[in-house]
Each structure stands twice: as C-alpha cells, then as structure tokens.
Amino acid sequence: FLQLWYHLGKTLADKEVLKFAEENKMDIVSMYPGVVIGPILQPNLNASSALILNFVK
C-alpha cells in the first residue's frame with residue numbers, strides 16, 4: 001500500500017477550495033507543478049526524491 005499523503009492532502013484541499021469558490025461565486029486557479037524540489041522534511045526518502053537520486057547515480 002503506497003501512502004501518498006501529499007497527493008491526498010492536495011486532493012482534499014482542492015475539493016474544499018472548489019466548494020468554497022462555488023458557494024461564494026468565485027473563480028479560482030489551481031497550480032499543479034510538474035515537480036517540487038527542495039529539502040526533505042520527513043525522515044524517509046519520498047518517491048520523487050528517490051526517483052531523482054536513482055537517476056543521477
């Protein structure tokens with residue numbers, strides 16, 4: 001079982017924003033970056049960082 005917490009959080013947040021925008025008659029824009037690069041905040045290597053690490057080895 002893959003635990004894709006970032007994806008789950010992004011999906012749940014987007015659903016709430018869409019709901020809020022619809023209720024308040026607002027237009028919104030969602031940004032989906034192709035890749036996010038930066039320091040790793042969790043103790044384990046995440047999937048995207050592991051992919052980059054394996055690529056450069």
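Any read-out appearing in this document is the output of simple, stated calculations on the displayed coordinates, not a laboratory observation. Keep in mind it's a predicted model, so treat the numbers as computed, not measured. Because the Cβ atoms are built from the backbone with ideal geometry, glycine has one as well, and the counts that use them run over all protein chains shown.
Between Lys15 and Ser48, what is the FRET efficiency for a Förster distance of 22 Å, r being their Cβ-Cβ separation, to the nearest 0.05? For Lys15 and Ser48, the calculated efficiency is 0.45. Relative to the longest principal axis of the Cα atoms of the chain, the long axis of helix 47-56 makes an angle of roughly 40 degrees.
Which angle from 0 to 90°, rounded to the nearest 10, does the C-alpha axis of helix 5-23 make with the longest principal axis of the chain? That helix lies at roughly 10 degrees to the long axis. With a Förster radius of 35 Å, plug the Cβ-Cβ distance of Phe55 and Asn24 into 1/(1 + (r/R0)^6) and report the FRET value to the nearest 0.05. About 0.20, to the nearest 0.05.
Treating each Cα of the chain as an identical point scatterer and ignoring solvent, apply the Debye formula and state log10 I(q)/I(0) at q = 0.17, 0.21, 0.25 Å⁻¹. Here log10 of I(q) over I(0) equals -0.73, -0.92, -1.10.
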